[in-house]
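J.: Mind having a look at this structure? Questions to follow.
The values are calculated or read from the model by the stated rules, or taken from the named source; none is laboratory data. These numbers were taken from a predicted model, which means no experiment stands behind them. Glycine gets a Cβ as well: all are built from the backbone with ideal geometry, and neighbour counts include every protein chain shown.
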Amino acid sequence: MRVERVTSYERFVETKKDWNKLLSRSGQNCPFLTHQWFDAWWQNFGPNDELGILFFWDDSASLGGISPLMVSGAALRFMASHEVTDYCDFISCEDYRVKFYEHLLDHFQMNSSKYYPMELINIPESSPTLSILPGLAAGRGWEYESHENEIAPVLKLSESYEEFLQNLGRKNRHELRRKTRKWESLGNVRIEKVTEPEKLSLAIKKFVSLHKESSPAKQEFWQKKGMPEFFSQLVHHFAIENWAELHMLYVEDRLIAALLCFPYEDIVYFYNIAYDRGYSPLSPGFFLFDQAIKQSIAQGKKVADFLRGREKYKYFFGAKESKIYSLKLKHKEDNP
C-alpha cells in the first residue's frame, strides 16, 4: 500500500469524495467520521495543531484506509474533542483491514526519528482498532493501554411503534402515555421538523439560545471559542446530505424544546436536546424523544443511538449500554 501524509487543509478538502466512499464501505461508518464532520471540526478547533492525516492507497489507486490524526502537543490524536465528538476511529475497508493497521504502525517506525505516542479517544467497543491493533502493536515494540471511559446507550428499534411500546414494559408504557396525554391536553401544541439547509441554519440559532438558558454549564459550553460556528457549519453541510434534522416543540408560538438528530444510514443519532426549564414538570424531552422514535420506526430505521452519557431517560426507553474506549500507544523507545 502507498502511504500519503496530508498536512495541508487544501489537500484534505480534495479528498472528500474518496473519504466518504471508503467510509460507506467500512465497518466504522457513522456521521462523526464523515469528511463533513472532520472539516467543520478542523476549521473551528484545529488551527493550533498540525494535520497528520494518513491515506493508504492500494495498487489500483483505491483508498483502503484513513488515519484521521493530528499532531497536538507531543502526541498523535484523532481530529476530535470530548466536547462534541461522540465516536472516533480509524477508517478501513474489510479487505485491507489488517494490512492497514500493519502499515499504520510500520509507517511511524520507518518515517519518524521520534515515535510520537498516540492518545486516542471515543473508540466504540465494536471497533477493529480494539481487536486487531493490540497484537500488532506488541509485535512491533509498542506498549498498548486501553480504558473504558464512556457509555453510550443504544436502542434496537422494533418493527412497529406498538411493538416498541409493548417492549417498554407496563410501568414505563403507562408513564409515557401519561406524559403524552399531558401535552395533548394543553392544546396548540405542535412539533416542527426542520431539515432544509437554509431553515436549519436559522433554527439552530434558536436551539443554541434555548440550550444556553438551561444552566450555567451550558452557557460556558457555548462560550468556548469556535463552538457556535462549528455547529452552524456542521448542521448546514449535514442538512445538504439529509443527515440532520431539528425537532422543535412549540406551545402556540413559544419554543419549549428542541432535539437535534442525525439520521444516518439505518441509525438515528440523538445528539442533543434543549428545553425550557419552566416546563420541566411536563417532561418535554420525553415527549420529543417518543415522537422521534415513532418517526424513526416509521422510516425503517433499525437503531436509535442516544450517544454518550448515562442519563436515566435513555434507559427508560429501553436502550442498552455500549462501551466506548480510549487508548494509548507508545513505542518502547520513547521510554527513558
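J.: Among the residues of segment 119-131, write down those that are in contact with a Lys or Arg (Cβ under 8 Å, 6 or more places away or on another chain), surrounded by 17 or more Cβ atoms within 10 Å (Cβ to Cβ) and not in a strand (DSSP E or B).
T.: Within segment 119-131, Pro128 is the sole residue that qualifies.
J.: Could you give me the residue pairs with C-beta distances under 6 Å whose first residue belongs to segment 136-163 and is in a strand (DSSP E or B), whose second residue is surrounded by 12 or more Cβ atoms within 10 Å (Cβ to Cβ) and among the hydroxyl-bearing types (Ser, Thr, Tyr) wherever it lies, and which are 6+ apart or on separate chains?
T.: Ser146/Tyr325; His147/Ser326; Glu148/Tyr325; Asn149/Ser326; Ala152/Ser322; Val154/Ser322
J.: Considering every residue within segment 87-104, establish whether at least one is at pLDDT 90 or above, among the aliphatic types (A, V, I, L, M), over 19 Å from Ala40 (Cβ atoms) and touching a strand residue (DSSP E or B) at 6+ places or on another chain (Cβ under 7 Å).
T.: Yes, there is a match, as at least one residue in segment 87-104 is at pLDDT 90 or above, among the aliphatic types (A, V, I, L, M), over 19 Å from Ala40 (Cβ atoms) and touching a strand residue (DSSP E or B) at 6+ places or on another chain (Cβ under 7 Å).
J.: Here's another thing I want to ask about it. So in segment 273-302, with the set limited to residues that are in contact (Cβ under 8 Å) with a residue 40 or more places away in the chain and not in a helix (DSSP H, G or I), which one is nearest to Ala257 (Cα to Cα)?
T.: Ranking the candidates gives Tyr275 first.
J.: Determine if segment 49-68 includes at least one residue that is modelled with pLDDT of 95 or more and either basic (Lys, Arg) or not assigned by TED's automatic domain parsing to the domain that holds Ser127 (or both).
T.: no
J.: Tell me whether segment 90-113 contains one or more residues that are surrounded by 19 or more Cβ atoms within 10 Å (Cβ to Cβ), more than 16 Å from Gly27 (Cα to Cα) and under 25 Å from the mean Cα position of the chain (by Cα).
T.: Yes: one or more hits.
J.: When the residues of segment 298-336 are filtered to those that are modelled with pLDDT of 95 or more and touching a His at 6+ places or on another chain (Cβ under 8 Å), which remaining residue is farthest from Tyr264 (Cα to Cα)?
T.: Ser326
J.: Taking the condition of being in a helix (DSSP H, G or I) and either touching a residue at least 60 places away in the same chain (Cβ under 8 Å) or touching a Cys at 6+ places or on another chain (Cβ under 7 Å) (or both), how many residues in segment 20-30 meet it?
T.: Narrowing segment 20-30 to residues in a helix (DSSP H, G or I): 20-25.
Remaining after also requiring either touching a residue at least 60 places away in the same chain (Cβ under 8 Å) or touching a Cys at 6+ places or on another chain (Cβ under 7 Å) (or both): 22-23, 25.
So the count comes out to 3.
J.: Follow-up. Would you mind stating whether Ala40 is surrounded by 15 or more Cβ atoms within 10 Å (Cβ to Cβ), in contact with a Cys (Cβ under 6 Å, 6 or more places away or on another chain) and in the same structural domain as Glu102 (by TED's automatic domain parsing)? Explain how you work it out, then say what you get.
T.: On the way: surrounded by 15 or more Cβ atoms within 10 Å (Cβ to Cβ): yes; in contact with a Cys (Cβ under 6 Å, 6 or more places away or on another chain): no; in the same structural domain as Glu102 (by TED's automatic domain parsing): yes.
Taking the combined requirement at face value, the residue does not satisfy it.
J.: Look at segment 238-257 and say how many of its residues are within 12 Å of Ile204 (Cβ to Cβ) and either without any contact (Cβ under 8 Å) to a residue 24 or more places away in the chain or within 18 Å of the chain's Cα centre (by Cα) (or both).
T.: 5
J.: In the set Glu119, Glu163, which member is assigned by TED's automatic domain parsing to the domain that holds Lys328 and among the acidic types (Asp, Glu)? Give the derivation first.
T.: On the way: Glu163 fails: assigned by TED's automatic domain parsing to the domain that holds Lys328.
Just a single option satisfies the conditions, and that option is Glu119.
J.: From the list Ala137, Ala75, pick out the single residue that is among the small types (Gly, Ala, Ser), farther than 19 Å from Leu23 by Cβ and buried (at least 19 other Cβ atoms within 10 Å of the Cβ).
T.: Working: Ala75 fails: buried (at least 19 other Cβ atoms within 10 Å of the Cβ).
Ala137 is the lone residue from the list that is among the small types (Gly, Ala, Ser), farther than 19 Å from Leu23 by Cβ and buried (at least 19 other Cβ atoms within 10 Å of the Cβ).
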